[in-house]
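What follows is a short report on a single structure.
The values are calculated or read from the model by the stated rules, or taken from the named source; none is laboratory data. Everything numeric in this text was worked out from a predicted model, so none of it was measured. In this analysis, Cβ positions are derived from the backbone assuming ideal geometry, glycine residues included, and neighbour counts consider all displayed protein chains.
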Amino acid sequence: MTIPALACFRGFVPLFMALALFPAAALAHGATPQKVVETIEIAAPPAKVWAVVGDFQDMGWLPGVVKTEGEGGVTPEIAKRRLFLASGATIDERLVQYDDAAMSLRYIIEHVDFAVLPVGNLSATLKVSPAASGGSVVEWKSRFYRAFPGGNPPEQYTDEIAVKAVSELFRSGLAALKARVERE
Amino acid sequence: MSLRALAVVFLAPLLIGAARADEAFVPNQSSDDLTIVDLGAMTPGATLPIGGKPAGVAVSRDGARAYVTSPEGHFVSVIDARARRVLKRIAVGGQPFGVAVSPDGRRLYVADMNGRELLEIDPDSEKTRRVEIGAMPSGVAATPDGRFVIAAARDDNALVVVDAETFARVATIAVGRHPYGVAIDAQGPRAYTANVESDDVSIVDLAERKLIANVRVGGHPYGVALAKGRAFVANQYAETVSVFDTATLAPLATIKVGEYPESVGVSRDGGTIYVTNWFSNELWSIDAESYKITGKASTGDGPRAFGAFVRAVD
């Protein structure tokens, strides 16, 4: 089977329901780490964008996330959040770096089912910078492994599928962020 | 004196000087190749195709050979380091990852990451011995006297000591959470390992075979190297190199580096530290005493260079 084009977490629902759940606990990472970098320009000052992106305890701007519950504010290594998806699935994340002055944060996924996002050991950075045009540039970049990094993965869990899923998630997230901030 | 003789007199020292710079052998996992960096000029000098998503590397003490592991190709490449040529691939199966060379250059030690084992390979005959290490064998190093091999069993949170002669496991030492890179002190019988999950470095007394201390470093440490009585530790999430005094264990500095630093190497004279930055595709050089960034060289995509990647050129 192949994974359908997924515009957001909501798109994962049929797949999520169809597949048996695989725990994405700390699995072996002998395979090749993957890179994804997505950027978007937003017609708003960086501080206004960072006010949304920098609130680690509210990921509501990401399509498919219906609720964020967490603790620890924006203190690295202490701050955690659980994203509740429309599908009923959850994703557990931990903040590992937070630089308010540089408008940059890094988080890791501590738990996600492969049916929701077919990756392991994902860390990601969100950074807001001033754009030449006067607005902002948001960069969302990530390092991760495919699901089942050891040996030969099942065909639905290749490097390519992991990269595609993360790229599409980031693109949909950045587009929604842009729409929200420019609307406000 | 003829012009030619003059040229020899004045150019010869320059040529010798140029030839004496150390080199870095940097496997690039995403671009499937190896960048050889001239560490004098901090410029990439050659690129060799490797294949199989290369990650681990070890250069022999005499500088003649470099060995590169390809976890997804299930082989080890044997490289003539002077000629900059791949001589052959040794098929080892599994996921070969961490690698070290015995001090005499006659044996290779390869960690099979998903196979629980450390392999000893004669690079000429390819004759192989195996010993069970535990869950997720990662970093490997040989003691300077060649008597022992130290391997990190990452998911067992332990360093394992293997007798190089019998190739039997002789000790297991509990360390921090998820030990990864391993370095051994050339002077004292100590091993250092960076613990990815507990954000510290464990220091092990190899004579007593016991943990001396865990020293706090930055977020997600991967690689560790030793120079000038100091330990240099690449912190992948913090994007820094932590420096601490190996005698007092006191922190000395935190150096900001590139994106997702992973492996740390040392120049032959101990004066310069080299760090691979996996995300930004660079090798940086850092003065081991002033902690100043002294150079940046481009690599291929996704430089891992997991292991002893600096080649002393003679």
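Among the residues making up the range B:270-311, those that are within 18 Å of B:ASN235 (Cβ to Cβ), among the hydroxyl-bearing types (Ser, Thr, Tyr) and touching an Asp or Glu at 6+ places or on another chain (Cβ under 8 Å) are B:THR276, B:SER280.
Can you confirm whether B:ASP287 is acidic (Asp, Glu), under 15 Å from B:TYR192 (Cβ atoms) and surrounded by fewer than 23 Cβ atoms within 10 Å (Cβ to Cβ)? No.
Restricted to the range B:196-233, and to residues that are within 14 Å of another protein chain (Cβ to nearest Cβ) and in a strand (DSSP E or B), which residue is nearest to B:PHE148 (Cα to Cα)?
Per the criteria, the residue is B:TYR222.
The single condition among (1) crowded, with 16+ Cβ neighbours inside 10 Å; (2) under 22 Å from A:ARG143 (Cβ atoms); (3) modelled with pLDDT of 95 or more; (4) more than 14 Å from every other protein chain (Cβ to nearest Cβ) that A:PHE114 does not satisfy is (3).
Here B:THR166 meets the list (1) β-branched (Val, Ile, Thr); (2) free of Cβ contacts under 8 Å to residues at least 12 places away in the same chain; (3) crowded, with 18+ Cβ neighbours inside 10 Å almost entirely, failing just condition (3).
A:MET17 meets all of the listed conditions (1) at pLDDT 95 or above; (2) surrounded by fewer than 20 Cβ atoms within 10 Å (Cβ to Cβ) but one, namely (1). For the range B:244-313, the strands (runs of 3 or more DSSP E) that sit wholly inside it and include 2 or more residues that are within 14 Å of chain A (Cβ to nearest Cβ) are B:251-256, B:261-266, B:272-277. Tallying residues that are within 14 Å of chain A (Cβ to nearest Cβ) and either in a strand (DSSP E or B) or under 15 Å from B:GLY307 (Cβ atoms) (or both) within the range B:37-52 yields 1.
Is it true that B:VAL243 is over 11 Å from B:GLU262 (Cα atoms) and of a type in the set (Val, Ile, Thr)?
Judged against the criteria, B:VAL243 is a match.
When you scan the range A:164-179, do you find a residue that is more than 21 Å from A:PRO63 (Cα to Cα), surrounded by fewer than 19 Cβ atoms within 10 Å (Cβ to Cβ) and more than 14 Å from the chain's Cα centre (by Cα), even just one? Checked the range A:164-179: no residue is more than 21 Å from A:PRO63 (Cα to Cα), surrounded by fewer than 19 Cβ atoms within 10 Å (Cβ to Cβ) and more than 14 Å from the chain's Cα centre (by Cα).
Among A:THR90, A:THR125, which is the only one that is touching a strand residue (DSSP E or B) at 6+ places or on another chain (Cβ under 6 Å), farther than 18 Å from A:ALA175 by Cβ and more than 14 Å from every other protein chain (Cβ to nearest Cβ)? Steps first, please.
Working: A:THR125 fails: more than 14 Å from every other protein chain (Cβ to nearest Cβ).
Going through A:THR90, A:THR125 in turn, just one is touching a strand residue (DSSP E or B) at 6+ places or on another chain (Cβ under 6 Å), farther than 18 Å from A:ALA175 by Cβ and more than 14 Å from every other protein chain (Cβ to nearest Cβ): A:THR90.
For the structure I just gave you, tell me whether B:VAL201 is of a type in the set (A, V, I, L, M), out of contact with any Leu (no Cβ under 8 Å at 6 or more places or on another chain) and at pLDDT 95 or above. Considered against the rule, which asks whether it is of a type in the set (A, V, I, L, M), out of contact with any Leu (no Cβ under 8 Å at 6 or more places or on another chain) and at pLDDT 95 or above, B:VAL201 comes out as yes. Just one of (1) at pLDDT 95 or above; (2) in a loop (DSSP other than H, G, I, E, B); (3) surrounded by 18 or more Cβ atoms within 10 Å (Cβ to Cβ) fails for A:ARG94. It is (2). Looking only at the range A:141-162, how many residues end up being surrounded by fewer than 18 Cβ atoms within 10 Å (Cβ to Cβ) and at pLDDT 95 or above? Residues flagged as surrounded by fewer than 18 Cβ atoms within 10 Å (Cβ to Cβ) and at pLDDT 95 or above within the range A:141-162 amount to 0. Exactly one residue among A:VAL138, A:VAL74 is away from every other protein chain (no Cβ under 14 Å) and crowded, with 21+ Cβ neighbours inside 10 Å, and that residue is A:VAL138. For the range B:91-107, the set of residues classified as within 19 Å of B:GLU72 (Cβ to Cβ) and either within 14 Å of chain A (Cβ to nearest Cβ) or under 20 Å from the mean Cα position of the chain (by Cα) (or both) consists of B:VAL92, B:GLY93, B:GLY94, B:GLN95, B:PRO96, B:PHE97, B:GLY98, B:VAL99, listed by residue number.
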